[in-house]
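Accompanying notes for the structure given below.
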Amino acid sequence: MTSILKRIVLPLVMIPIGITSCGSSESEEPLPSGNTLQGVWMSYKVSSGGSASAFDDVKWMVFDATGQIIDDLPQHGLYAITSEELKKYTTGTYTVHGKSVQADTPYDQYTFDWTDSNTLTQKNSAYAYHRCLVKDNLRLQGSWTSFETTTDPWLDQPGVRQVLTLNNDGGFTDRGLFVSNTNFPDKDPNDKPGTGIYLVKDYTLLLNYADGHTKALSFTGAVGLDPSINNKVLYLGGNPVYKR
C-alpha cells in the first residue's frame, strides 16, 4: 500500500507535508507500541438493537506512510488503484505529535488521541477509529451472504442466490452475491455468477473468474476484528456480508 498511495496521492494533493518524528522528545510522551498509522481504520456506531453484526454509520480512513490520508476506503480497494479512481475521494494530510494525530482535508479536520496502537479516539465524540487487521494472502473458509437472515431457506435452493463461498485453497464460488435481480443474472457481465480464484491484497478482495472477468472490492473485517479469527461480518466494497 505504501508505494501505491505515495505514487498516486502525492501528485494529486500537492500540499507540503511536515510529519513529526515518530520518536519521542523531552516534551512528548512516547507513541504507542507499533508506532505506525499506515493502513485502513474503521469507525462505526452500534445500532439501537445492539447486535454484534449491527454496525451503523460505518466510515473508513486510509493512512499511508508519507503523511497522506484518504477520507474513505475506495470501493474497489487499494490494490492497483488508479489516479482516476482516487479522484472520486477526498484526500488530505496528517501529522503526529506524540500521542496526538491531526488529520486535515479540504472539508474536515480531525484531532485524534492515539493512546492505543489500534485505536484512535476523538475528543468530544463518541466515534473512534479502529485499525483494520487484514493480512495479505488471507485465506478463508465459508459462505457469506448479503442477507442478514443467513438461515433463510431460499438461499439453499438451486439457482442464482446472493451467496459467495471462499475456500482455504484459494478457490471461490459466487452464486450471485453481486446480482441485483436473480432472474436476470447476466444483465451486467461484471456481476454475473461463476467460479474462480481469489486473492486478498492491500485491503482488496480480487476475484478472478474462470470465464475471464474480474472483480475488485475493498475488503475489511468488522471494525478492529481480525477476519482470520472473527469473520462473522465482512465488508466488501463497503457493504456488509454475513457468514452463514
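The values are calculated or read from the model by the stated rules, or taken from the named source; none is laboratory data. The shown structure was predicted, so the numbers you read here are calculated from the model rather than taken from an experiment. Please note: Cβ atoms are built from the backbone with ideal geometry, for glycine as well, and neighbour counts cover all protein chains shown.
General remarks:
- Meets criteria (surrounded by 19 or more Cβ atoms within 10 Å (Cβ to Cβ), within 19 Å of Thr204 (Cβ to Cβ) and under 22 Å from the mean Cα position of the chain (by Cα)) for Arg131: yes
- The single condition among (1) modelled with pLDDT of 95 or more; (2) under 30 Å from Trp41 (Cβ atoms); (3) of a type in the set (A, V, I, L, M) that Val179 does not satisfy is (2).
- Any hit, segment 155-176, residues being more than 26 Å from Thr121 (Cα to Cα) and part of a helix (DSSP H, G or I): yes
- Some residue of segment 53-63 being assigned to a loop (DSSP other than H, G, I, E, B), modelled with pLDDT under 95 and more than 15 Å from Phe112 (Cα to Cα): yes
- The residues in segment 135-152 that are over 16 Å from Ala222 (Cα atoms) and loosely packed, with under 13 Cβ neighbours inside 10 Å can be counted, and the count is 5.
- For segment 67-105, the candidate set comprises residues that are in a loop (DSSP other than H, G, I, E, B) and free of Cβ contacts under 8 Å to residues at least 60 places away in the same chain; within that set, the residue that is farthest from Leu120 (Cα to Cα) is Lys88.
- In segment 206-244, residue surrounded by the most Cβ atoms within 10 Å (Cβ to Cβ) [restricted to those that are β-branched (Val, Ile, Thr) and part of a strand (DSSP E or B)]: Thr220
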